[in-house]
Amino acid sequence: MEHIGALKEIVRHPVKSFRGERVQHTKLMDYGLYGDRSHVFLDDTRPGKYVTITQCPKMAQYEARFAGPDNTEQYPRVEVRSPNGIVYDWEDEALKLELEQESKRAISPHSYTPQHVPFGALEEAHILLVTDASVRELEQLWGGHIDYNRFRPNLFIQLDDPIPFVEEQWLGRRLRIGAAELELNSLCERCMIITVDPDSGERDASLLKTVVQERSSNFGVYASVLKTGDIEAGQPIYLI
């Protein structure tokens, strides 16, 4: 077992495609971080599909957080801050109407339970992680500052030995954080979502072009949960 770094930040997204919230500690459930992508907007024009940043780039500027402590029986109230500073409750009809105007389609809010959030909410796997060294290297390749939240990871890892893209060599191995364990499954193939600046909402296709050309479209690693448990920012991470 090799000590490879620390869990620098934990980010969960109570509402799919909204900005996430940094948390000091939370539970790693069998489906991923507690409450991650647990609240979604269904696209009524495409049955069975979600409305995401792909259909509505403005969603990247909405911020969602749980306004209370984690509760495995029932989610705390979800609070949403819009780009113009208005604070909504998740169930507020005005939020739905505003997003319908932004997305130009009929939508329906839907939420899952704390005990189970389906794969579809993240669409690929339980957890997405990126490392600080890889973000810094990509900044050099692209030629500008990058807010790692463009990549919407759950775990942001600070490496002891800052080797860019070393996480791509971990596939098939496990990470231990406290009592929790993850298995590294696959690379994350990137799409237009990373072109949207989460602060301004502006799009810049050159970042995706850089990832395509320099990293064969991949950035970050997907992982599945092998052992559940509490995790906390700052905890050491071990590669097994």
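What pairs come up if the first residue lies in the stretch 212-228 and is free of Cβ contacts under 8 Å to residues at least 60 places away in the same chain, the second is open to solvent by 80 Å² or more (accessible area, probe 1.4 Å), and their beta carbons are under 7 Å apart, counting only those six or more places apart or on different chains?
From the stretch 212-228, the pairs are SER217/GLU189; ASN218/GLU189; LEU226/ARG174.
Return the residue satisfying two criteria in turn: it lies in the stretch 18-29 and is within 10 Å of the chain's Cα centre (by Cα) and open to solvent by 10 Å² or more (accessible area, probe 1.4 Å), and of such residues it is farthest from ILE107 (Cα to Cα).
Filtering the stretch 18-29 for residues that are within 10 Å of the chain's Cα centre (by Cα) and open to solvent by 10 Å² or more (accessible area, probe 1.4 Å), the one farthest from ILE107 (Cα to Cα) comes out as GLU21.
Kindly indicate whether TYR88 is part of a loop (DSSP other than H, G, I, E, B), modelled with pLDDT of 95 or more and among the aromatic types (Phe, Trp, Tyr).
Answer is no for this residue.
Would you point out the residue of the stretch 196-205, among those that are in contact (Cβ under 8 Å) with a residue 24 or more places away in the chain and either outside any loop (DSSP other than H, G, I, E, B) or on the phi > 0 side of the Ramachandran plot (or both), that is least open to solvent (accessible area, probe 1.4 Å)?
VAL196
Being within 23 Å of ILE240 (Cβ to Cβ) and touching a residue at least 40 places away in the same chain (Cβ under 8 Å) is the requirement here; does PHE165 meet it?
Working: within 23 Å of ILE240 (Cβ to Cβ): yes; touching a residue at least 40 places away in the same chain (Cβ under 8 Å): yes.
Yes: the conditions hold for PHE165.
Among the residues of the stretch 30-45, count how many are part of a strand (DSSP E or B) and either open to solvent by 30 Å² or more (accessible area, probe 1.4 Å) or among the basic types (Lys, Arg) (or both). Explain how you work it out, then say what you get.
Looking only at the stretch 30-45, we keep the residues that are part of a strand (DSSP E or B), and these are 32-33, 39-43.
Among the residues that remain, those that are also either open to solvent by 30 Å² or more (accessible area, probe 1.4 Å) or among the basic types (Lys, Arg) (or both) are: 42.
Qualifying residue count, the stretch 30-45: 1.
Specify the residue that is surrounded by the most Cβ atoms within 10 Å (Cβ to Cβ); the eligible residues are those in the stretch 52-67 that are at pLDDT 95 or above and in a loop (DSSP other than H, G, I, E, B).
The extreme case among them is TYR62.
Hey, can you tell me all the residues within the stretch 171-218 that are hydroxyl-bearing (Ser, Thr, Tyr) and in contact with a strand residue (DSSP E or B) (Cβ under 9 Å, 6 or more places away or on another chain)? Spell out how you get there, then give the answer.
Initial filter on the stretch 171-218 (hydroxyl-bearing (Ser, Thr, Tyr)): 186, 195, 200, 206, 210, 216-217.
Selection gives SER186, THR195, SER216, SER217.
Condition test on PRO164, is it touching a helix residue (DSSP H, G or I) at 6+ places or on another chain (Cβ under 8 Å), assigned to a loop (DSSP other than H, G, I, E, B), modelled with pLDDT of 95 or more and open to solvent by 40 Å² or more (accessible area, probe 1.4 Å)?
Taking the combined requirement at face value, the residue satisfies it.
Please work out if ARG150 is surrounded by fewer than 18 Cβ atoms within 10 Å (Cβ to Cβ), of a type in the set (Lys, Arg) and touching a residue at least 24 places away in the same chain (Cβ under 8 Å).
no
The values are calculated or read from the model by the stated rules, or taken from the named source; none is laboratory data. From a predicted model like this one, the values you see are computed outputs, not experimental measurements. Virtual Cβ from ideal backbone geometry, glycine too; neighbours counted across all protein chains shown. Surface accessibility is based on the protein's heavy atoms, side chains included, excluding ligands, DNA and RNA. Shrake-Rupley method; radii C 1.70, N 1.55, O 1.52, S 1.80 Å.
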